[in-house]
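**Student:** Once you've had a glance at the structure underneath, I'll fire off some questions.
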Amino acid sequence: MLSKLQPVRFLNCLIGRIDAKMHLRSVLIVPFVLQICGIMGVVGYLSFQNGQQTVKKYATQLENEICDRIEQHLNSYLKTPKQINQINADAIQLGLLQPSDSKTTAHYFWKQMRVFKIGHNNFTNPNGEFIGVERLDNHLLINEISADNGIGKLYVYTTDNQGNRIQIKEIKDYEPRLEAWYTDAVKLGKPVWSQIYHREDQPDILSISSSYPLYDPTNELVGVISVDVMLSQIDNFLANLKIGQSGKAFILERSGLLVASSTTEPSSTVTNGQKQRLLAINSQDSLIRLTTQNLLQHLSSLESIIDKQQFNFTDTKERYFVQVKSWQDKLGLDWLIVVVIPEAEFREQINHNLRITVLLCVAALLLAIEIGIWTDRWVIKPIMQFNILAKKITSGESQQITTIQQSHELEELAKSFNSMAKQLQASFAALATKNAEMKVLNEALSESQSRLTQLQTVQQELIQSQKIAAQGQQIAERANHAKSEFLANMSHELRTPLNAILGFTQVMSYDNSLCSEHQENLAIINRAGEHLLNLINDILEMSKIEAGRTTLNLSSFDLIRLLQSLEEMFRFRAASKGLKLVFAYASDLPQYVQTDESKLRQVLLNLLGNAIKFTEIGSVTLRVGLGIKDKGTREQGENNANTFSSPHLPTPQSLIFEVEDTGAGISPQDIDLLFEAFWQTETGRKSHQGTGLGLAISRKYVELMGGDITVNSTLGVGSTFTFDIQISPACESEI
């Protein structure tokens, strides 16, 4: 026990000796300065840690956004050749396009090349006959190999603005049946992508072809249609991405060969006079080369990347954040998307804030030292005078001290010393009283010093809180900006292929050789495409709803015609699943009404689409009628036999809609969250369809139109969605 107490006693003794030897000036200044230095250290450490976390968070968010945008562009850009092949295959199989008629086929391919930004569009049969259209320096050339001109002899024709042949540009030897896009498609017997290759007439451009083999009813090969695209378009897209000032994005094959990059460096090199693909690890761009080297060191093999991985590396005192994402295509493409961003892209503002923090701390330290020195002079100087006078008094000298004007207490103390000097022998008791007053004064000074220290601490905490609040506001603003930019880009990427499809249907509708049935089918495709465009706009509408910018657009329209168009649209979908589709109207249903037609159409599309999607057997029924005041049920249908099951009691100027299905139903726990954005039921998640926005937008639209929407569902039996909206009567002349 004694051995344990000895170190403690020694430490207390040492501290006591130090305290005994310290000057009063040091006691006043040193602790004050040490406290400020400690606060500065804590603030600096917290600022550094917060900066590191913020940098990592910003880098991850930016990398996720860039990877998603690249993936969306690849899906859209590489989807076009497959769609063109499917359209051409359907046209040939339906007899709308005869490859044996080289003139018509070439003109047909020429028109497609004018609509779609592709490099080559062609057809080859097993006899070696070839017809195609290629893009060369923004000019379209017709290529043809025919039995009349000799198999193996390729004739290249220039064309005018109408797609007519002008003159022969050149004649050369060419055997299309030896090309990989032909042999691979024939060998596999299904659509396939070719390997990336250099174009013969443009060796500096990398291309890739999508091939589609055609067979007759006896499974005999008719030929192969092929569409190739130029990877330089992907280079241009990557180059236009905003990845800070020095960030890079590039795409790799699993073998390590470059597919495209955001740099101006070509993706191929010349070796012994031959064009060869460039390995990313041999890239002249230092950042791409270093990223690939560290990627191989970190993951050991590019084949091991399955979904998405992140890591960072440091080179020449610079830190880089890297994200690698796997992208695959159903026809066999297997690429890696790589985004690398230097840490310096995010450090500038953080370093600026850190410098401000350090400067404020240094200023606070200097101010504290100045206050300490001033306090030392204010307190120590009169005390030193008192000390000198006390020594003189103890030595027997009777001397008065000069009047002190610094504070009332010190002035009184000086008067006491003067009185003590005159009456030394009779004033020992008064001296004790004055000593007590000195003790009170010292306590008051200590309390003032403590309060001053607390004030400085509160001031530092307030400064830190203001900085944290400013950083939070910046993060919120950047997140909101990123969300808006993402929605705008997503809308653009979806509209591009859809507008191409609509444009193609419009081009085909001008073909007088199509029968009326085909014309009607094209019209249905066009209407469905326009409805899909409206759905894409609704994604942006959800963002407007969240921002409170959605408004009600009132218009007068034909309600019966709207319902009939919806019935026509969904009749084929229901029949394809063997479902009975019933549209029942009340006998007194008005034909012309005034409300927001677009939003009403969207709500009915969402509810009817969901009902057919999740119903495998039975029927889907839509009932429409006028609301009747103070009446719980409403007669529906032409025979007035069906009634609404909704418990709502709307006003006389309201429409009631009820969508009933015999589908899987909704569980009670799912109903509570059914109308939340981006939320799906268990059945919806298993189907891997939809985004969870439809019902959320529908509820907002119904509420905006002055009504409400409810659901009544039983698992295994079916669901019933009921909503009402406010309307105004209209007449035919207002439409």
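The values are calculated or read from the model by the stated rules, or taken from the named source; none is laboratory data. What you are looking at is a predicted structure, and each value in this text was computed from that prediction instead of being measured. Cβ atoms come from the backbone with ideal geometry, glycine included; neighbour counts cover every protein chain shown. What goes into the accessible areas is simple: the full protein's heavy atoms, side chains included, and nothing from ligands, DNA or RNA. Shrake-Rupley method; radii C 1.70, N 1.55, O 1.52, S 1.80 Å.
**Student:** Considering the stretch 578-589 alone, what residues qualify as being outside any strand (DSSP E or B) and surrounded by 15 or more Cβ atoms within 10 Å (Cβ to Cβ)?
**Tutor:** LEU579, ALA586, LEU589, listed by residue number.
A quick yes/no check of all residues on (1) open to solvent by 60 Å² or more (accessible area, probe 1.4 Å); (2) aliphatic (A, V, I, L, M):
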residue	(1), (2)
ASP68	no, no
HIS73	no, no
SER76	no, no
PRO81	no, no
GLN86	yes, no
LEU96	yes, yes
ASP101	yes, no
THR105	no, no
TRP110	no, no
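**Student:** Still on this structure: Within the stretch 511-529, can you find the residues that are closer than 18 Å to LEU605 by Cα, out of contact with any Leu (no Cβ under 7 Å at 6 or more places or on another chain) and at pLDDT below 80?
**Tutor:** Answer for the stretch 511-529, where residues must be closer than 18 Å to LEU605 by Cα, out of contact with any Leu (no Cβ under 7 Å at 6 or more places or on another chain) and at pLDDT below 80: ARG527, ALA528.
**Student:** State which residue is least open to solvent (accessible area, probe 1.4 Å) when the search covers only the stretch 277-322 and only residues that are assigned to a strand (DSSP E or B) and closer than 26 Å to SER207 by Cα.
**Tutor:** ARG277
**Student:** Name every residue in the stretch 146-177 that is in contact (Cβ under 8 Å) with a residue 24 or more places away in the chain, in contact with a Leu (Cβ under 9 Å, 6 or more places away or on another chain) and open to solvent by less than 50 Å² (accessible area, probe 1.4 Å), in order of residue number.
**Tutor:** THR159, GLY163, TYR174, PRO176
**Student:** Please give the number of the condition ALA696 fails out of (1) at pLDDT 90 or above; (2) within 33 Å of the chain's Cα centre (by Cα); (3) open to solvent by less than 40 Å² (accessible area, probe 1.4 Å).
**Tutor:** Single failed check for ALA696: (1).
**Student:** All but one of (1) open to solvent by 30 Å² or more (accessible area, probe 1.4 Å); (2) in contact (Cβ under 8 Å) with a residue 24 or more places away in the chain; (3) out of contact with any Ser or Thr (no Cβ under 7 Å at 6 or more places or on another chain); (4) in a helix (DSSP H, G or I) hold for ASN236; state the number of the condition that does not hold.
**Tutor:** Every listed condition holds for ASN236 apart from (2).
**Student:** For the list (1) hydroxyl-bearing (Ser, Thr, Tyr); (2) at pLDDT below 75; (3) under 36 Å from the mean Cα position of the chain (by Cα); (4) more than 18 Å from ALA611 (Cα to Cα), I need the number of the one condition that SER687 fails.
**Tutor:** It fails just one condition, (4).
**Student:** Name the single residue, out of those in the stretch 187-204 being touching a residue at least 60 places away in the same chain (Cβ under 8 Å) and either hydrophobic (A, V, I, L, M, F, W, C) or assigned to a strand (DSSP E or B) (or both), that is surrounded by the fewest Cβ atoms within 10 Å (Cβ to Cβ).
**Tutor:** Within the stretch 187-204, the match that is surrounded by the fewest Cβ atoms within 10 Å (Cβ to Cβ) is HIS198.
**Student:** So, one more: With the requirement that a residue be open to solvent by less than 20 Å² (accessible area, probe 1.4 Å) and not charged (D, E, K, R), what does the stretch 129-139 give you?
**Tutor:** Across the stretch 129-139, the qualifying residues are PHE130, ILE131, GLY132, VAL133.
**Student:** Starting from the stretch 339-366, take each residue that is over 30 Å from SER261 (Cα atoms) and list its partners that are open to solvent by 60 Å² or more (accessible area, probe 1.4 Å) and modelled with pLDDT under 70, counting only C-beta distances under 8 angstrom and pairs at least six apart or across chains.
**Tutor:** That search, which allows pairs on different chains as well, returns LEU354/PHE48; ALA364/GLN459.
**Student:** Tell me yes or no: at least one residue of the stretch 340-354 is touching a Gly at 6+ places or on another chain (Cβ under 9 Å), small (Gly, Ala, Ser), more than 19 Å from SER255 (Cα to Cα) and modelled with pLDDT under 80.
**Tutor:** Scanning the stretch 340-354 turns up at least one residue that is touching a Gly at 6+ places or on another chain (Cβ under 9 Å), small (Gly, Ala, Ser), more than 19 Å from SER255 (Cα to Cα) and modelled with pLDDT under 80.
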